[in-house]
Every structure is written in C-alpha cells, then in structure tokens.
Amino acid sequence: MNSHNQLTFKIGFWSSILFALSGVGYAIGMVALLLAFPIPQWRGVSETIATFSQSYINFYSLCQTMAFISAPLFIVMLCCVHEYASNATKILTRISICFGIIFATFSSMNYFVQFTAVRLNILNGQLEGLEQFVQWNPTSAFYSLNLLGWTLFLGLSSFFIAPIFLKEKKGNLIKWVLILNGITCILGTVSVVFEIMIYLAIYPLLMTVFITTASVLVGMVFRRRLLE
C-alpha cells in the first residue's frame with residue numbers, strides 16, 4: 001500500500017468515525033433536552049421564547065454545534081470514498097459529493113445562524129424579525145432550508161454512494177443501509193411538503209440510525225484497508 005492510499009484510508013477512517021460520533025452526540029443531546037425541558041410549542045416568537053430558560057438555549061446551541069460539525073466531516077468522508085472507488089464508479093462518487101456539498105452548505109449555514117445570530121439576539125432580547133430564522137418555527141425559511149439539506153440532498157448523496165463498497169466483505173450491508181437512509185430522507189422531503197408531522201417526528205431517529213450505521217461500516221472498511 002503506497003503512502004497516498006494510506007493517507008486516504010487514515011483520513012477516511014477518522015472522518016467516518018467522527019461523523020458517526022457527532023451524530024450520536026447530537027441525538028443524545030436532543031433526547032436529554034427533551035427529557036429535561038418541555039417540548040416547545042410555536043406560538044409566535046415572543047411567546048415561545050418567553051418559555052425558554054438561558055440553560056435551555058445554551059444546551060440547544062451545543063446540540064446544534066454537533067450537527068454543524070457533522071456536515072464538513074461528511075464531505076471529507078465522501079472525498080475519501082471517491083479516492084477509494086474504482087475508476088468505473090468514480091462518476092457515482094462525484095455525483096454523491098455534489099449532492100453532499102449542497103446538504104453541507106444548507107446545514108452549516110442554518111446551524112451557524114442558529115447558535116450565533118439567533119442565540120445572541122434572543123439572549124439580548126432583540127426578537128424583532130426572528131420569525132423566519134428560528135428553527136422552532138415550523139414555517140420559517142431556515143427550518144425549510146435545513147430540512148431540504150437533511151432530507152432531499154443527504155438522501156440523494158446516500159443513493160449514489162451506496163454501490164461503491166460491494167467488493168468489500170460487508171459491502172452489501174453498507175449498500176442497503178445507505179439505500180434505506182436515502183429512502184428515509186426522501187420520504188422526509190415529501191413529509192415536509194405535505195406536512196406529514198407524524199413522519200417528521202420519527203424521521204430524525206431513523207435517519208440518525210441509518211447514516212450513523214453506514215458511516216461506522218465505512219470507517220471499518222478504511223480501518224481494514226489500513227491494516228492490510
């Protein structure tokens with residue numbers, strides 16, 4: 001194994017595992033948040049935010065930071081998968097990276113705005129004009145942009161990268177986990193458009209399970225290649 005491949009597999013392993021850990025960290029944080037605080041009901045920006053304590057806002061921002069970190073890690077993982085892929089399948093990884101970049105752009109932009117501008121304005125009592133920025137508002141522009149990234153574009157990225165690992169021992173498992181994640185995400189897009197709130201409530205859990213499992217399996221592939 002040459003030094004180029006070794007570097008690819010090393011970066012691929014760590015980006016995959018750190019992406020999985022950031023997703024698990026976000027999920028654990030959100031569960032803890034829901035257990036510690038009541039689920040906020042949107043009643044307008046002033047009335048809704050009046051029910052939040054500073055501890056809630058800071059802890060919620062910490063969870064959002066984990067989600068923010070996961071997006072660039074996903075792109076790094078995709079780039080390593082592209083280097084690993086055979087020449088015949090590199091067109092699939094290129095398409096997956098393109099969709100992944102759109103996902104990462106929407107996700108990163110949303111979360112950075114949330115834990116900087118939105119958080120600081122709330123803590124300073126400056127609520128005017130925040131309706132279309134806060135994620136608690138299910139009809140806000142940033143809520144929709146974030147879901148567009150995490151549903152449609154993450155789903156499409158998952159579909160195109162699914163066949164890349166078929167030559168590996170657990171390649172078929174990786175393929176089907178990524179396909180299931182793609183289906184879960186695309187159904188999330190449909191649910192947003194048609195306001196199927198029941199599915200939107202369970203979608204984050206399903207997506208987290210599938211994409212985290214896939215990234216761990218991909219990390220195991222890179223790790224095995226490192227040890228060869």
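In table form, for the structure just shown:
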| read-out | value |
| --- | --- |
| Single unsatisfied condition, LEU73 versus (1) out of contact with any Ser or Thr (no Cβ under 7 Å at 6 or more places or on another chain); (2) within 30 Å of VAL221 (Cα to Cα) | (1) |
| PRO163, sole failed condition from (1) touching a residue at least 24 places away in the same chain (Cβ under 8 Å); (2) of a type outside the set (A, V, I, L, M); (3) touching a Gly at 6+ places or on another chain (Cβ under 8 Å) | (3) |
| Tally of residues being crowded, with 23+ Cβ neighbours inside 10 Å and farther than 17 Å from ARG224 by Cβ across region 161-176 | 1 |
| Unmet requirement for PHE115, which otherwise passes all of (1) part of a helix (DSSP H, G or I); (2) in contact with a helix residue (DSSP H, G or I) (Cβ under 6 Å, 6 or more places away or on another chain); (3) touching a residue at least 60 places away in the same chain (Cβ under 8 Å) | (3) |
| Qualifying positions in region 177-208 - buried (at least 19 other Cβ atoms within 10 Å of the Cβ) and either among the basic types (Lys, Arg) or closer than 20 Å to VAL24 by Cα (or both) | VAL177, LEU178, LEU180, ASN181, GLY182, THR184, CYS185, GLY188, TYR203, MET207 |
| Selection status of THR105, at pLDDT 95 or above, among the polar types (S, T, N, Q), under 12 Å from the mean Cα position of the chain (by Cα) and under 23 Å from LEU130 (Cβ atoms) | yes |
| Residue check for TYR84: of a type in the set (Phe, Trp, Tyr) and closer than 27 Å to ALA162 by Cα | yes |
| The listed residue being under 20 Å from ILE39 (Cα atoms) and more than 20 Å from the chain's Cα centre (by Cα), out of GLN132, GLN126 | GLN132 |
| Any hit, region 139-156, residues being of a type in the set (Ser, Thr, Tyr), over 23 Å from ILE101 (Cβ atoms) and not in a helix (DSSP H, G or I) | yes |
| Among residues of region 35-76, those that are of a type in the set (D, E, K, R) and modelled with pLDDT of 90 or more, counted | 1 |
| Hits in region 158-200 (condition: among the aromatic types (Phe, Trp, Tyr) and over 16 Å from the mean Cα position of the chain (by Cα)) | PHE160, PHE165, TRP176, PHE194, TYR199 |
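The values are calculated or read from the model by the stated rules, or taken from the named source; none is laboratory data. Since the structure is predicted, the reported quantities are computational estimates derived from the model, not experimental observations. Cβ: placed from backbone, ideal geometry, glycine included. Neighbour counts: every protein chain shown.
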